[in-house]
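What follows is calculated from the coordinates using simple rules that are stated; it is not laboratory data. The model shown is predicted, which means the values in this text are computed figures rather than measured ones. All Cβ positions, even for glycine, are placed from backbone atoms using ideal geometry, and neighbour counts span all protein chains on display.
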Amino acid sequence: MKIKCRITSKIIKSPLFVILAISLSLAALPAAAYEVIVPGDQDGDMIVSDEELQAAIKSNEDGTISSSALETIREIHDQYPREFTDGAGRQITMYKPAERIITTSPDTARMVIALGLGDKLIASEECVKNCICPTPYGVSDQGCMNCYETILDGRLAELPVIGTSSNLQYELIASLQPDLIVASSESQAEDLESKIDCLCVVASGTGWNYTYENGLYGLIQVMGLTLNREEEAENLIDFVESKVDLVRSVTQGLDDGEKPTVYIAPRGAVLGFYDPKQGRDFTRTEPNYPPVDIAGGLNVASGEPGSSINVALEQIIAWSPEYIFVGCIDPDAMSGLDNVRTAPDLQSVTAVEDDHVYYFFYPHCRGSPPEMSLFNIIYLAKVLHPDLFGDLDLEEEGNEIFKAFLGIDGVFTEYADYMIWPREYLESQ
C-alpha cells in the first residue's frame, strides 16, 4: 500500500471561475496515479492558459487570492509544464514549482541551497547536519558554527532526518508531505515511488568529476532543471569551471617530468595503515581523483582498477611517491600525518624522506562535497608547484568557493581555524 503524501487543497470559488489555492503536490509523467492540483488551472488540464492567468489577476485585484499566489500562478503560466530527463534517464514532467523538498543525500541538499531554494528544503539524510557546514559527525557544537547556525535561516539543527542513505524512514517522509523527493539512484527513486505517492527525481554525480556524465556538472544541470533554476545552474557550472581553469591553464603545459608523483589517502591515517572495521585508512586510495591531475601531479594509483580501493603497503613503498596527501576531517584526525611520517616501513618513501607529507581536505562526506575537492585543486597546485602558484590567495579562494555552494561568507576562514592545519599552512606561506 502506498503512503499518501499529498496535501488537500482548499478550493476558492467565485461566480465566474475557480482558482485553486497554492498546493504542495507535484506531478510527473508517466505517473497517472499522481494527484495533480495546479494553482490557477480551472479546466483540469494541469496548464494555466492565458485566460486562466487573467482570471487569477482579476481574483487578486478582488482580494480573492494573495499576490504571492498570483506570482506562483504566473510562474506556472510562463514556465510550466517543464519536461526534462533526470540523472537516471527517466522522463520527468513537472507542472508547477516544488515547495516542499526532501533530498536523500547531503550532495543534493547542498545543490538545493546553492541554487537558491534552501527555504524549500524540509528534510534530508542524517549526514546533512555534518556535511553541509563542516562539523564532526554526530556533534552539533563544534566546527563551522556560524555556518551551522546561519544556513537555512537557522533551521539546520532542527531539520528532520529521514534516515540514512540505505535505510529511509518512509512513514516519516510521508508525514512531512513533500511535493518533491530528490533521490540518488534509479533504484532508490523506484523504491520511494512504490511506497510514497510523490514525485521522485534522480540527481547524482561525483563532486570531483568535472563532467556532465556521472559528474558534478551533470548533477548541477539536473538540479537546475528540477528546480527551474537553469540560469543559476549554468552560473554555478561556469564558476566551477573558472576555478578549474585557473589551475589547469597553467599545469596543462607541464611535461610529465615536471609533475611530481602523488599518493592520496582520502580517508586519513589515524588508525595507521588499515582499519579492519571500515576497511579503509592510509592504504585506501582513489585511482581516479582529477584534482591531483588538474593540480599538476601524477597519481601513482592511476590505472588501478576500481574506485576507493585498498592497496598493499608494499605497493605504496614500491611506488615511492614524491608527495603524500592525507585526508583530515576534523582536529581529532590530526595524528594521521605523524603516523605516516614516523612509520618505520615508510622511511624509504621519497615523500617521507623529503618531508613532503601534507594534509588535504577530506573529499568524502556521505558523498563527494564539491567545495572540498574544488579547493583541493587550488591547494594541491600551490603545494606541488609553489613557483607557479605563489600569488594565489588560498583563503580568498576558499571563501569564494564555499560561498558559491553554501551562500555564506567566511565559511572557509571558519573551517581553517577550526581544523587548525589549514590555518597553520596559510600562516607558513
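Under a crude label model (7 Å from the Cα following the beta-carbon direction), how far is Gln252 from Ala157 in nanometres?
Between Gln252 and Ala157, the simple spin-label model gives 4.7 nm.
Once the piece of chain linking Thr342 and Glu51 is laid out straight, how much longer is it, given 0.36 nm per residue of separation minus the C-alpha distance between them?
Full-extension gain reported as 97.1 nm.
Highest GNM mean-square fluctuation, the chain, Cα pairs closer than 10 Å: which of Ile196, Ile316, Ile329?
Ile316
Test of understanding: in a Gaussian network model of the chain with alpha carbons linked when under 10 Å, which of Glu71, Glu400, Glu125 would top the mean-square fluctuation ranking?
In this elastic network of the chain, the residue with the biggest mean-square fluctuation among Glu71, Glu400, Glu125 is Glu71.
Output the peptides 139-152, 250-263 sorted from most to least packed, where packing is the average of other Cβ atoms within 10 Å over each peptide's residues.
139-152, 250-263
Roughly what % of DSSP beta bridges within region 238-392 run antiparallel, to the nearest 5?
Percent antiparallel among DSSP bridges in region 238-392 is about 15.
Could you order the peptides 58-70, 407-419 from most to least packed, using the average number of other C-beta atoms within 10 Å per residue?
407-419, 58-70
With just the Cα atoms defining each centre, how far is region 182-223 from region 361-414? Give it in Å.
Result: 25 Å between the Cα centres.
Quick one: which of 382-392, 225-235 comes out on top by average Cβ neighbours within 10 Å, and what's the full order, highest first?
Ranked by mean Cβ neighbours within 10 Å, highest first: 225-235, 382-392.
What is the antiparallel percent of DSSP beta bridges lying wholly in the chain, to the nearest 5?
For the chain, the DSSP antiparallel bridge percentage is about 30.
Considering the chain as a Gaussian network with a 10 Å cut-off on Cα pairs, which listed residue, Tyr274, Tyr210, Tyr95, attains the greatest mean-square fluctuation?
Tyr274
Using a cut-off of under 12 Å, list every residue of region 152-195 whose amide N is near the label point 7 Å from the Cα of Asp141 along the Cα-to-beta-carbon line.
Taking a point 7 Å out along Cα→Cβ of Asp141, no residue of region 152-195 has its backbone N under 12 Å.
Quick one: which residues, 5+ away or cross-chain, put their amide H under 5 Å from the amide H of Gly327? H built at 1.01 Å from N.
Correct list: Ala265, Arg267, Gly268, Phe360.
State which helices in the chain qualify, where a helix is a whole DSSP H run, it must extend 15 Å or more along its own axis by its Cα atoms, and its mean Kyte-Doolittle hydropathy must be at least 1.6.
Flagged H segments are 216-227.
Report for region 94-228 the percent antiparallel among DSSP-assigned beta bridges with both residues inside it, nearest 5.
Close to 10 percent.
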